[in-house]
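Novice: Before I ask anything, let me first share the structure, which is written out below as structure tokens.
Read the figures in this text as sums done on the coordinates, not as results from a lab. Note that this is a predicted model, so its numbers are computed, not measured. Here the Cβ positions follow ideal geometry from the backbone for every residue, glycine too, while neighbour counts run over all protein chains shown.
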Amino acid sequence: MTAPSIIDPTEFLHEQLSQASPDLLRQMLTTFINTLMSADADSVCGAGWGERSEQRTNTRNGYRHRDFDTRAGTIDVAIPKLRNGSYFPDWLLERRRRAERALTTVVATCYLLGVSTRRMEKLVESLGITKLSKSQVSVMAADLDAQVAEFRSRPLDQGPYTFVAADALVLKVREGGRVVNVHALLATGVNADGHREILGLQVTSAEDGAGWLGFFRDLTARGLSGVRLVTSDAHAGLVSAIGATLPGATWQRCRTHYAANLMAATPKASWPWVRALLHSVYDQPDAASVHAQFDRVLDAVADKLPKVSEHLDTARADVLAFTSFPKELWRQIWSNNPSERLNREIRRRTDVVGIFPDRDSLIRLVGAVLAEQHDEWVEGRRYLGLEVLARSRVTAVPDTTGDSSEEVTSTDTIPALSA
């Protein structure tokens, strides 16, 4: 096989498309790569293929064939040989490693999903790749482990992280010959530039206070700072860990989780109208209206449902913590719903596995998903505007203009300072 030094793109493309064979992309890729290598070899020789020139410094001496694994399949590339010295296309091939980096990711993902080596070989053969060894799979997995470990331990130096959301997912792992539930503790935050970040991932045996305390201590040790609000469910260990590691941060009880808790305390026949009353609280235009409507809800249920009224009154400060921040942010901070898409993506991958063989494989898969999502968030549009973030970081001060001891919210301090 010889690699021509030039091709007519129009004629070549028309010829290939007219054939419309199943290997069209592979054939076209082979031709283009061989043409590029031929042109590169011509520049090394100082003259074109078959051309007589005084500037020639070397001559061709045939070709040596190498298999090159690509996403289009394994192709046969013809590397030009020289009479003096050697030519190797470092811009295309890595010595003793010819697989594309993208292909490495695909095969590593198959490994993560629990696909056996035999099934994986069939999979890559269907993609046109002819060989895959167990050692290659092990190297790919180790490479991915290193990337995930680096991501999980990176410094959190893009703060202050004004808003943080914490959640946990229950997954199944095989340990000691039996299947047990473990908890993947997750935290996301909004950095100083207004972008969301994946802050951390840890896997614990139980979602208890010790697990959450260790998790948040790790986050603060890596640089988590400037937190004004943490949104989560009402897990006692989680709330205690927030208070112990993030002094000055307010806790917002997720409105979605709270609605589920309130439903459990409400008679089934009464839940539709209680739910409607609860939702009316969040539909108010400003903080004062939210608190006034909450009072009306308490009055509406006090006589008929005293236990529901007590439940609401006890949770009031935690459920309405979002009202201390600008109205533009309420939908992003009053619940963990913005993180549901992330949770669904994790579940989509982990459901394929079902039961993980060990914790390392769980961390490898979930960590890879989180690292991928983190990159998308950082490279995408801002989650929150810089101006509203700046207003959110203004410290609330006591209102000394009257007899009331209520505090002025962060949005109200700006005109007071300028007065």
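Novice: Considering only the other residues whose Cβ falls under 11 Å of the Cβ of residue 327, what net charge follows from Lys and Arg at +1 and Asp and Glu at -1?
Specialist: Charge balance near residue 327 sits at 0.
Novice: Continuing with this model, one more query. According to a simple spin-label model (label point 7 Å from Cα along Cα-to-Cβ), what is the distance in nm between residue 39 and residue 298?
Specialist: 7.6
Novice: Can you give the local net charge around residue 82? Use residues other than it whose beta-carbon is closer than 13 angstrom to its beta-carbon, Lys and Arg +1, Asp and Glu -1.
Specialist: Numbers: positive: 56, 60, 64, 81, 83; negative: 40, 42.
With Lys, Arg at +1 and Asp, Glu at -1, the neighbours total +3.
Novice: Which order do 231, 350 fall in if you start with the one that has the fewest other Cβ atoms within 10 Å? Intermediate results must be reported in sequence, preceding the final value.
Specialist: Working: 231 27, 350 20.
Ordered from fewest to most neighbouring Cβ atoms within 10 Å, 231, 350 come out as 350, 231.
Novice: Starting with the fewest neighbours, write out 178, 364 ranked by other beta-carbon atoms found within 10 Å of each beta-carbon. Display every interim value, and only then the final one.
Specialist: Numbers: 178 7, 364 21.
Listing 178, 364 from fewest to most nearby Cβ atoms yields 178, 364.
Novice: Residues with beta-carbon under 15 Å from that of residue 160, excluding residue 160: net charge, scoring Lys, Arg +1 and Asp, Glu -1? Display every interim value, and only then the final one.
Specialist: Numbers: positive: 196, 222, 228, 391, 393; negative: 157, 193, 197.
Charge balance in the 15 Å sphere: +2.
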